[in-house]
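Here, each number is a calculation from the coordinates, and none is a lab measurement. Just so it is clear, the model here is predicted, and its values are computed rather than measured. With ideal geometry, Cβ positions are generated from the backbone for all residues, glycine too; neighbour counts draw on all protein chains shown.
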Amino acid sequence: MSTLKNRVVEKQELELLRKSVRDFSRKEVSEYYDEWENNGNIPRNLWRKLGDQGFLLTEIPEEYGGLGAPLAYSMAIVEEFSKLGYSAISTNLSVHDIITAQYILNYGTESQKSHYLKGMASGELVAAFAMTEPGAGSDLQGIKTTAVYDETKKAYKLNGQKTFISNGQHCDFVIVVAKTDQTVKPSRGTSLFFVDVTAEGFSRGKNLEKIGLHACDTSEMFFEDVWVGEDKLLGNLNEGFKILMSELPRERLTIAVNAVAAMEGVLEQTIRYVKEREVFGKPLSDFQNTRFVIAELQTKTRVLKSFVKECMDMMMDGTLDTATASMAKLSCTEAQGEVADKCLQLFGGYGYMKEYPVARAFTDARVQRIYGGTSEIMKEIIGKDIFKE
């Protein structure tokens, strides 16, 4: 009985949180989002507003500026932004909050956690995570960025280049993946470092132009003889790859969660539209084809939402494995592309117009099958798990 009561309370709290996100969006986002899309960036002060609302680092313990809430609370926030069609915000938030903050919480020193997490919770500091390189995307073992230790300076010298880094224009610091032992495979000789953007030798390129997620700032980053002290090492030396592998299921689950929420949002828009749009003298919803398409997409969305809920329960229990997280990302992001495409088709020519949110849902969906590991990599991971000896 106590467990059931707790679930009811949590459900009520989550709905209040979702309502808070909707209210915040009406006041601070909806009127300006198209402008942000055209500018290619959200305003920097939005981070402080998100922090003031308690929307940042909800999972992180209170001693580091968070709320100490369960995973479901931070996921509910990004879900709601995705469902409302603000995928750029949910992507930025996911990187900053659900992904990067957990690396710091799980592997950072007390000093690192106190400084970075508290700043991230308030929105004073914006985080980015730099894994991808021009020649190394889903294959993390192909990274070329190096961090060479200097015994005299008791510091590491970073050199290399990263690309497609979300929060790249706004970030105040970035966690960089670099090779620290050139004599072994990257899986055994990679480390993670904090790099503050004020560090000498660090620079970022222009905001990259993308076909979707326009308001999500995305950048190249360059490291030319950037010196970072031993205190900037995140986790143990040469165990970066191990750390990455331990946290990637969370990242892939987050992408899956956003995918399902975006599917729900675009379906709601489409259902409203087909009820109002008349063709041959009757609503589009009166046509059997329309009802069949919507029925198929709604069913697929609901089934995947149940799977994602199962994965979230596993994540909170500490049992979500890499293969299952990969299944979630693969199935949900592939479905998101299908749902957005078929919904756009029901809008007809209007669906191809930028002023209609379904057009944005279509272009925003495309990258979901790429970042966090491509669909092809997800299949490889799942296949290897199935046929492992």
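Starting with the fewest neighbours, write out Trp47, Trp36, Trp227 ranked by other beta-carbon atoms found within 10 Å of each beta-carbon. Each step should come with its number before you reach the end.
Working: Trp47 24, Trp36 20, Trp227 16.
Listing Trp47, Trp36, Trp227 from fewest to most nearby Cβ atoms yields Trp227, Trp36, Trp47.
Fewest first, what order do Phe81, Phe24 take by the number of other Cβ atoms within 10 Å?
Values: Phe81 28, Phe24 19.
The most exposed by this proxy come first: Phe24, Phe81.
Any idea what the alpha-carbon Rg over 2.2 N^0.38 Å comes to for region 2-125? Walk me through the numbers before you get to the answer.
On the way: Rg = 14.9 Å, N = 124, 2.2 N^0.38 = 13.7 Å.
Dividing the Cα Rg of region 2-125 by 2.2 N^0.38 Å gives 1.08.
Could you tell me the extents of region 264-335's C-alpha atoms along the three principal axes, largest first, rounded to whole Å?
55, 16, 13
Of all GluC sites (Glu not before Pro) in region 30-69, which ones are in loop regions per DSSP and have a Cβ with at most 16 other Cβ atoms within 10 Å? Display every interim value, and only then the final one.
Working: sites: Glu31, Glu35, Glu37, Glu59, Glu62, Glu63; in loops: Glu31, Glu59.
Answer in residue order: Glu31.
Whole-Hz ³J(HN,Hα) for each residue in region 330-343, computed from phi via Karplus 6.51 cos²θ - 1.76 cosθ + 1.60 with θ = phi - 60°, x for glycine and proline: what do you get?
These are the phi-based 3J(HN,Hα) values: 4, 5, 6, 6, 5, 5, 4, x, 5, 4, 4, 5, 6, 5 Hz.
When the chain is treated as a GNM, springs tying every alpha-carbon pair under 10 Å, which of Leu56, Leu244, Leu192 comes out with the largest mean-square fluctuation?
Leu244
Please list, ordered by chain and number, the residues whose modelled amide H lies under 5 Å from the amide H of Val279; skip anything fewer than 5 residues away on the same chain.
Leu284
Please list, ordered by chain and number, the residues whose modelled amide H lies under 5 Å from the amide H of Phe173; skip anything fewer than 5 residues away on the same chain.
Residues meeting the amide H criterion: Val126, Ala128, Val197.
Evaluate the relative contact order of the chain (contact order divided by residue number), counting alpha-carbon pairs under 8 angstrom at least 6 apart; express in whole percent.
Values: 688 pairs, mean separation 58.8, N = 389.
After rounding, I find 15 percent.
What chymotrypsin sites (Phe, Trp or Tyr not before Pro) does region 261-336 have in DSSP loop regions with at most 15 other beta carbons within 10 Å? Walk me through the numbers before you get to the answer.
Working: sites: Tyr273, Phe280, Phe287, Phe292, Phe307; in loops: Phe280, Phe287.
For chymotrypsin sites (Phe, Trp or Tyr not before Pro) across region 261-336 that sit outside H, G, I, E and B with at most 15 neighbouring Cβ atoms in 10 Å, the list reads Phe280, Phe287.
Can you give the % of DSSP beta bridges in the chain that are antiparallel, to the nearest 5? Write down the numbers at each step before the final one.
Values: 31 of 37 bridges.
Percentage antiparallel, nearest 5: 85.
Would you mind ranking Val78, Val303, Val274 so that the residue whose beta carbon has the fewest other beta carbons within 10 Å leads the list? Write out the running numbers ahead of the final one.
Details: Val78 25, Val303 13, Val274 21.
If I rank by nearby Cβ atoms, fewest first, I get Val303, Val274, Val78.
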